[in-house]
Amino acid sequence: MSRHLMNRRSLLKSGASAGGLALASSVIGTPLIAQTRSLKVASYGGYFENSFKEHVFPAFTAATGIEVESVTQPNSTDWLVTMQQATAAGTVPTDLSLYARDTMIKASRLGGLISPLDMAAIPDASNLDGYFIFEDGTGPIGVGALSWFSAMVINPNEVSAPASWADFWDSSVYESSLGLSKNYNSQLLDIIAATFFEGEATFATEDGIVALIEKAAELKPNVALWWTAESQMEQSMKNGDVIGGQYYHDVAQLMAADGFPIQSIFPKEGNPQDYGSWCLSSLSDKGAEAAEFINFTSQPSTQALMSRMIGTAPLVDASVTDLTPEEFASVSGSPVIRPAYEAYLDKETFIKESWDRMLAGA
Amino acid sequence: MTAVDSTKAEMTAPVPQMRRPWGTWALGALILFLAVTPFILVIVISFGQKIEGAGWEWDFTLANYQRFFVGALWPDEVTFLHLQRLYYALYYAVIASVLAVATAFPFTYLLTRQSRRAQSCWLVFILASLSLSEVFIVMGWDVLLSNRSGLPMLFEVSGATDWLKRTGWFDVLREWGLANPRNVKFKTSEFATILTMSYLVWPYAVILLYPALSRLDPSLTEAARTMGASPTKVMTSVILPTVKLPLIGSTLLLFVFLLGSYVTVVVFAEPAKQTTAVAVYESVRGATLDAPFGAAQAVVLLVTAALFLVLAQYLTKRSEAR
């Protein structure tokens, strides 16, 4: 469920960020004085990390005096493997990592990789919905950093905006015309659960999951592209190979602003929201600095800054930020579908194999 | 007497060629280590145990191999999903390699009849095209087959789409998955997958066939022609038997090469028709972190390729002996 490189936005905004890079590199290049407090923070590489270096880290250093060293992490799952091996070897490349919720739960189950956070030192986390503060047996191990929606998209030149996800099942309109994600945990099952079943509760039993996957199978004649990389879907929407499907809300907004025929829609069932959490490495001795950083990113002003500069959806209520309704709509929306993360992990092999069988017709 | 003495002398005398400097041994050991260790690691990992919702651990279980043949839910349910992927890997590789060699053969034959200068120009061009990576070639075909920038656009503009719709062929194409209600579509399809795969290995086919065909003695064909054999007869009874082994050899090499192709399949094949190579990557680097099952699939793919090579060797030997 984790997002990989944000190719699209890196292209769109690389021009705009070039100036800022000079500033960012000057921050990173500053030699650390012995007394200076510092912290290593990992975030998804590319445009994403650059935006952090350019906008978020300098603001944090200005507010607290703590220097931030940026570390590149490719995505969530690969990074978990890296951190697991590094922890076993005794030295880790970063203090804070950015994990998607499913990877964080996986790390928690692997054990010994993440330290609990001192929530007393993170008072501003109270701005976040309790859902975004994840606790396991050892205590609170992850606080939400930022989030994104994978939304319903259509080509407005070809079809009118559907009111419900159920419209995608209509072959008279969408035969061989949709682009959906091929990964079993890319939240199509959550959409189906919200549209036709009882939502997350349907994931509780294997029969429920089978019913979800059978419903997904009915979509197969309408799917022209089962995409694995974000760029495949982007190209297919631009080329008209597909006229609708599932894609990232924020990137779709940027494409639309560039004049491409794409419209991102919140149908009546809503769109799935995924988010990344800050997690502290078990080998880090920078717990206090990490807490200050997490506290900083939990503030409404920082959440608004990230929405404007990185295009992520804020984890705090829009009303406490100074985002305009237009700014908020370009990164977020409602209603929200919350993915059944635990079920995807508890029944990992079952869901993956059943999903693959559905796709393969085997 | 003297003979025995001289033998003894030879045995005791230092034999310079037999002495191996330590460097050679070390280099040999290093190469062996680098070549064999990854193999052994993959085989050992394939017996590992997956932990649901987490990673995996070292173990000795045959569950991953069992899953390959009957699925993870056995014995409650049997699925041949993974065998189906292996089937598609073989299917694409066989058709694409045969197609590539079949089309490269006449080209190369005609090429060897050209002037020296023309031949070297062509060969340089073909060698240069080998530097294009799979990713690059797939990107190219991706554009060529796209709705707004490629072949479907040509169909639309030239009126071929309308013609197909009028004559009813359009519905046939829709049944074959080569059209949506608006226009023809070539992505995703077996057509695009096999086309791209053949294109990918076509230069290799030419380069593999060139030495054999250029060594072909022109006097053989000339003799056959003077004795009254038709060009077809010359091809089937003189040229083809002479180059049979290089033909089979090239096809096999390209077949094994194509068994593991990844980018083409990911981009051009629908998920129902994807291959073991793609599944291996998904298992190892995907969200499940199921390296043991990925390794088991890799081992099966390896064994399959080896079996085909052995089988081909046997068939060639048998036909040689006849």
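Summary table below
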quantity	calculated
Relative contact order of chain A, defined on C-alpha pairs under 8 angstrom at six or more residues apart (%)	25 percent
Along chain A, longest interval not containing exposed trypsin sites (Lys or Arg not before Pro), exposed being DSSP loop plus at most 15 other Cβ atoms within 10 Å	A:38-267
Theoretical ellipticity at 222 nm over chain B - DSSP helices of four or more residues, -39500 (n - 2.57) apiece, nearest 500	-22500 deg cm²/dmol
Two-decimal log10 I(q)/I(0) for chain B, as the Debye equation yields it once each C-alpha is a single scatterer, q = 0.10, 0.11, 0.15 Å⁻¹	-0.85, -0.97, -1.27
Spin-label model distance (nm) - B:Thr316 vs A:Arg37, 7 Å beyond Cα toward Cβ	7.1 nm
Of every Cα-Cα pair in the protein assembly as shown, the percent that sits beyond 35 Å	54 percent
For the range A:293-361 versus the range B:239-318, the gap between their alpha-carbon centres in whole angstrom	40 Å
Antiparallel content of DSSP bridges confined to the protein assembly as shown, in %, to 5	65 percent
Highest-fluctuation residue, A:Tyr47, A:Tyr131, A:Tyr247 considered, GNM on chain A with Cα pairs under 10 Å	A:Tyr131
Burial ordering of B:Arg113, B:Arg182, B:Arg318, fewest other beta-carbon atoms within 10 Å first	B:Arg318, B:Arg113, B:Arg182
Per-bin percent of Cα-Cα distances, the range B:166-232 [5 Å]	3, 13, 12, 10, 9, 9, 9, 9, 9, 10, 5, 1
Relative contact order of chain B, pairs being alpha-carbon contacts under 8 Å that are 6 or more residues apart, as %	26 percent
Antiparallel DSSP beta bridges within the range A:84-233, percent to nearest 5	50 percent
Averaged over B:265-278, number of beta-carbon atoms from partner chains that fall within 10 Å	4
Neighbour-count order for B:Tyr199, A:Tyr174, B:Tyr262, fewest beta carbons within 10 angstrom listed first	B:Tyr262, B:Tyr199, A:Tyr174
Full-extension gain in nm, B:Tyr91 to B:Asp217, via 0.36 nm per residue minus C-alpha separation	41.8 nm
10 Å Cβ neighbours from other chains, averaged over peptide A:346-359	6
Contact order normalised by residue count of the range B:115-202, Cα under 8 Å, 6+ apart, percent	23 percent
Gaussian network model of chain B, Cα within-10 Å springs - most flexible of B:Ala72, B:Ala224, B:Ala277	B:Ala224
Estimated inter-spin distance, B:Trp163 and B:Val36, nm [label 7 Å along Cα→Cβ]	6.3 nm
0 to 90° range, to nearest 10: angle between helix A:300-309 axis and chain A longest Cα axis	60 degrees
Gaussian network model of chain B, Cα within-10 Å springs - most flexible of B:Leu173, B:Leu309, B:Leu83	B:Leu173
Peptide B:52-59, shielding by other chains (average Cβ, 10 Å cutoff)	5
MRE, 222 nm, helices only [DSSP H, n ≥ 4, -39500 (n - 2.57), over chain A, to nearest 500]	-12500 deg cm²/dmol
Span-like helix ranges in chain B, DSSP H, alpha carbon extent 18 angstrom or more, Kyte mean at least 1.0	B:22-45, B:81-112, B:190-215, B:244-259, B:291-321
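Read-outs throughout are calculated quantities, based only on the coordinates presented, and are distinct from any laboratory measurement. What you are looking at is a predicted structure, and each value in this text was computed from that prediction instead of being measured. Note: ideal-geometry Cβ built from the backbone for every residue, glycine included; neighbour counts use all protein chains shown.
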